[in-house]
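The values are calculated or read from the model by the stated rules, or taken from the named source; none is laboratory data. Computed from a prediction, not measured in an experiment: that's the story for all the values here. Cβ coordinates were reconstructed from backbone atoms using ideal geometry, including for glycine residues, and neighbour counts include every protein chain displayed. Please note that ligands, DNA and RNA were not included when accessible areas were found on the heavy atoms of the full protein model with its side chains. Shrake-Rupley method; radii C 1.70, N 1.55, O 1.52, S 1.80 Å.
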Amino acid sequence: MNNYLFVILILWPCTLVAATLLNMLISQAFNWSELLFCIFAGICIGYFFMTGTEPAPHAIDQFMLIFSHGLFGLFSVAGIRDFSNRMVLYQWSALFMIAAVIITALLDRLALTIGKSMNTAGFLLSLLIFPLKAPFTLITSGVSLIIFFLFSGIWVAIFRNNTRLGFLGGTPYIEWNFGGNYSFATTLGFTVNTWKGNLSTLLGHELYHTRQYMIFRDWFIPFWLLGGIWGLITSMLSSNPFDIRYFFIAHPSKNIGNPLEQAAYHSGGTKPF
Ligand SMILES: [Zn+2]
C-alpha cells in the first residue's frame with residue numbers, strides 16, 4: 001500500500017475497471033471506451049489516495065482526497081477512527097464500493113421492474129439504496145442538492161403544478177416541466193434533474209449514471225467533458241454523418257459518442273434519436 005507506482009498505476013485502475021465490468025454485467029451493457037476512461041480516472045483517484053494519506057498532507061491534497069474518495073476521504077481528513085490508514089481507506093473506498101455497485105445495480109433493476117413513476121414500494125426501496133450510493137460524490141451531489149433542491153426545486157414544486165419531486169433508485173429527482181413526449185435529464189452525483197418531460201422514460205439510463213458516479217466519484221464531470229471531445233472525434237472518424245450532439249449522447253448500437261454515455265444508452269433502453 002505504500003508503493004506509489006503500484007497503487008496509482010495498477011491497484012486503483014484495476015479497482016475501477018472491476019467495478020465497471022460488474023456494473024455492465026448486471027446492466028447487460030458493455031463498452032470498451034468506458035473501461036479506458038476508468039483506467040485514467042483510477043490513476044487520478046489513486047494519486048490523491050496516496051498524497052492525501054501522507055503525514056500532514058497539504059490542504060489541496062486533503063480537498064482532492066474528498067473529491068476522489070467522498071465521505072471516506074472526509075473521514076480521513078477529519079481524523080475519524082483510522083481512515084487515514086491506507087488499508088482501512090481502501091477497504092471502504094474500494095471494496096465497499098464494489099459491493100455497493102453490485103447491490104445497487106441489482107436493486108435498481110428491481111426498482112425499474114416495480115415502477116418507473118413515483119410509487120410507494122419504489123420509495124421504500126430507495127431508502128435502502130440511498131446510503132449505498134450517497135457516500136461517493138459529496139461535492140457534485142452537495143452542490144446539486146443545495147442549488148436545485150433546497151434553493152429552488154422544493155419551492156417551485158410547491159407553487160407550480162407542472163413541477164414535482166420524486167425518489168426512486170436511491171435518487172432524489174426533480175421533474176421541472178413534466179408531461180409531453182420528449183424528456184431530457186442530467187444526473188449530478190446521486191441526484192437527477194429532469195429539465196423537460198417525465199423521468200420514467202429515462203430512469204434506467206440515469207440510474208446507470210448514478211452508479212458510474214459511485215465509481216468515478218467527483219471526477220465524473222471532468223471525464224464526461226473529456227468524453228464529449230472523444231464523442232466528437234469518433235463522430236468525425238465514423239462513416240455516419242458528423243453530428244455535434246455526440247458530445248453529450250451516444251449512438252444506440254455503434255461505438256460513436258461520449259464513452260460515459262454509450263453503456264448508459266444501451267442499458268437504459270433509451271434511444272438518443
Ligand atoms: Zn446520459
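In the chain, Cα pairs under 8 Å separated by at least six residues give a relative contact order of 17 percent. Summarising the strand pairing of region 126-210, around 75 percent of its internal DSSP beta bridges are antiparallel. Note on residue 58 and residue 113: the extension gain reaches 15.1 nm, defined as 0.36 nm multiplied by sequence separation minus the Cα-Cα distance. Between residue 236 and residue 25, residue separation times 0.36 nm minus the direct Cα-Cα distance comes to 73.0 nm.
Evaluated with a Cβ-only charge set (Lys, Arg +1; Asp, Glu -1), the chain carries a dipole of roughly 520 debye about its Cα centre, given to the nearest 20. Projecting label points 7 angstrom from Cα along Cα→Cβ for residue 184 and residue 146 puts them 2.7 nm apart. Ranking 247, 25, 165 by Cα position along the charge dipole of the chain, where only Lys, Arg, Asp and Glu carry charges on their C-beta atoms, puts 165 farthest toward the positive end.
Name the shape class, rounded, prolate or oblate, that the alpha-carbon gyration tensor gives for region 126-210, where a ≥ b ≥ c are the square roots of its eigenvalues, rounded holds for a/c under 1.5, and otherwise prolate holds if a/b is larger than b/c and oblate otherwise. Oblate.
Computed from Cα positions, the angle between helix 97-114 and the longest principal axis of the chain comes to roughly 10 degrees. Using a Gaussian network model of the chain in which every pair of alpha carbons under 10 angstrom is joined by a spring, one finds that among 94, 134, 56 the greatest mean-square fluctuation is at 56.
Just to be sure I follow the definition: excluding the sites themselves, where is the longest run in the chain that has none of the trypsin sites (Lys or Arg not before Pro) in a DSSP loop with at most 11 other Cβ atoms within 10 Å? Intermediate values should be presented prior to the final figure.
Details: sites that count: 81, 160.
Answer from the scan: 161-273.
Applying a DSSP loop filter and a limit of 16 other Cβ atoms within 10 Å to the chymotrypsin sites (Phe, Trp or Tyr not before Pro) in region 178-260 leaves 182, 242.
Keeping the other protein chains in place, figure out the carbon and sulfur percent of the accessible area of the chain, with a 1.4 Å probe. Carbon with sulfur: 72 percent of the solvent-accessible area. Within the listed set 253, 117, 239, the Gaussian network model of the chain (springs between alpha-carbon atoms below 10 Å) gives the highest mean-square fluctuation for 239.
Is region 46-108 best put as rounded, prolate or oblate by its Cα gyration tensor, with a ≥ b ≥ c the root eigenvalues, rounded for a/c under 1.5, and otherwise prolate when a/b is larger than b/c, oblate when not? Cα axes put region 46-108 in the prolate bin.
Look at where the Cα atoms of region 158-200 and of region 10-40 average out, and the two centres are 28 Å apart. Would you count, across the chain, every pair of lysines whose alpha carbons are under 25 angstrom apart, provided the pair is eight or more residues apart or spans two chains? Value for the chain: 6. Taking label points 7 Å from Cα along the Cα-to-Cβ direction, residue 244 and residue 159 give a separation of 3.5 nm.
Overall form of the chain: oblate. Here a/c, set by the Cα gyration tensor axes a ≥ b ≥ c, is 1.5 or more, and a/b is not larger than b/c.
Could you tell me what a quarter of the Cα convex hull surface of region 1-115 works out to, in nm² with one decimal place? All intermediate terms of the calculation are to be shown ahead of the outcome.
Working: hull surface 31.2 nm².
Average projection, Cα convex hull of region 1-115: 7.8 nm².
Heavy-atom accessible area per residue, the chain, 1.4 Å probe: how many Å²? That works out to 45 Å² per residue.
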